[in-house]
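Pasting a structure below so you can have a look.
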Amino acid sequence: PKDMLKGSGPFYALRASGYSMINASISDEDILIIRRQEDVDDGDIAVVVLGDDPYDESGTLKRVYKNKKSIMLKPENDKFGATWVDDCKIRGKLVGVISMEDH
């Protein structure tokens with residue numbers, strides 16, 4: 001939907017996998033609308049790629065909090081704990097969710 005494409009782009013879509021973000025109303029198989037950007041504000045939900053292997057771009061979707069040396073990736077599910085990482089890249093900010101529960 002065009003109303004999810006607010007601000008400047010480019011945008012892309014990913015399919016959610018897993019249940020680490022259910023308290024943010026993101027379920028397994030939902031379609032995530034992501035604005036491609038390399039930085040986000042504290043508390044934003046972002047796609048983050050761990051490590052520096054250029055051939056492994058598998059990412060995770062988590063709420064992001066930064067300090068000077070590392071980034072905390074916080075899931076939105078009480079069954080999962082936060083993780084601090086030093087080596088990661090932000091690939092985009094979540095701007096919309098298309099729920100697959102309704103389809």
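Quick one: what are the phi-derived ³J(HN,Hα) couplings along region 41-52, Karplus 6.51/-1.76/1.60 with θ = phi - 60°, whole Hz, x for glycine and proline?
Along region 41-52, the couplings run 7, 3, x, 6, 8, 9, 8, 10, 9, 8, x, 10 Hz.
To continue, here is another question. Using only the heavy atoms of the protein chains and a 1.4 Å probe, how would 64, 95, 85 rank by accessible area, largest first?
95, 85, 64
Restricting attention to region 14-103, which GluC sites (Glu not before Pro) occupy a DSSP loop and are surrounded by at most 15 other Cβ atoms within 10 Å?
Passing sites in region 14-103 are 29, 38, 57, 101.
May I pose another question? Please list 94, 5 from largest to smallest accessible area, probe radius 1.4 Å, with all protein chains kept in place.
Correct descending sequence by accessible area is 5, 94.
What are the residues whose amide H is under 5 Å from the amide H of residue 96, where those residues sit 5 or more places off or on another chain and H is modelled from the backbone?
33
Moving on. Name the residues whose placed amide hydrogens come within less than 5 Å of the amide hydrogen of residue 91, ignoring near sequence neighbours (fewer than 5 apart) on the same chain.
Excluding prolines and chain starts, which carry no amide H, the hits are 47, 48, 49.
Please give me, ordered by residue number, the trypsin sites (Lys or Arg not before Pro) of region 29-103 that lie in loop per DSSP and have at most 14 other Cβ atoms within 10 Å.
36, 68, 69, 79
Let me ask another. Within region 2-103, what whole-number % of the accessible surface is contributed by carbon and sulfur, with the 1.4 Å probe and all protein chains included in the calculation?
48 percent
Right, here's the next one. Positive end of the dipole of region 20-82, charges at C-beta (+1 Lys, Arg; -1 Asp, Glu), about the Cα centre: which of 71, 47, 20 has its Cα farthest in that direction?
Positive-end residue among those listed: 71.
Spelling out what I want: for every residue of region 18-30, take phi, set θ = phi - 60°, compute 6.51 cos²θ - 1.76 cosθ + 1.60 (Karplus), and round to whole Hz; glycine and proline get x.
x, 10, 6, 10, 5, 6, 9, 6, 10, 10, 3, 6, 5
Here's a follow-up. Please label the shape of region 38-103 as rounded, prolate or oblate, based on the square roots a ≥ b ≥ c of the eigenvalues of the alpha-carbon gyration tensor (a/c under 1.5 means rounded; beyond that, a/b larger than b/c means prolate, else oblate).
In terms of gyration-tensor shape, prolate.
Can you work out the FRET efficiency for the pair residue 85 and residue 29, with r the C-beta to C-beta distance and R0 = 25 Å, to the nearest 0.05?
0.45
In a GNM of the chain with a 10 Å cut-off on Cα contacts, which of 30, 53, 87 has the highest mean-square fluctuation?
Largest GNM mean-square fluctuation: 53.
The values are calculated or read from the model by the stated rules, or taken from the named source; none is laboratory data. Treat the numbers as computed from the prediction; the structure is a model and nothing was measured. Neighbour counts are summed over all protein chains in view; Cβ atoms, including those assigned to glycine, are modelled from backbone coordinates with ideal geometry. Remember, those area values only see protein heavy atoms, side chains included, never the ligands or the DNA or RNA. Shrake-Rupley method; radii C 1.70, N 1.55, O 1.52, S 1.80 Å.
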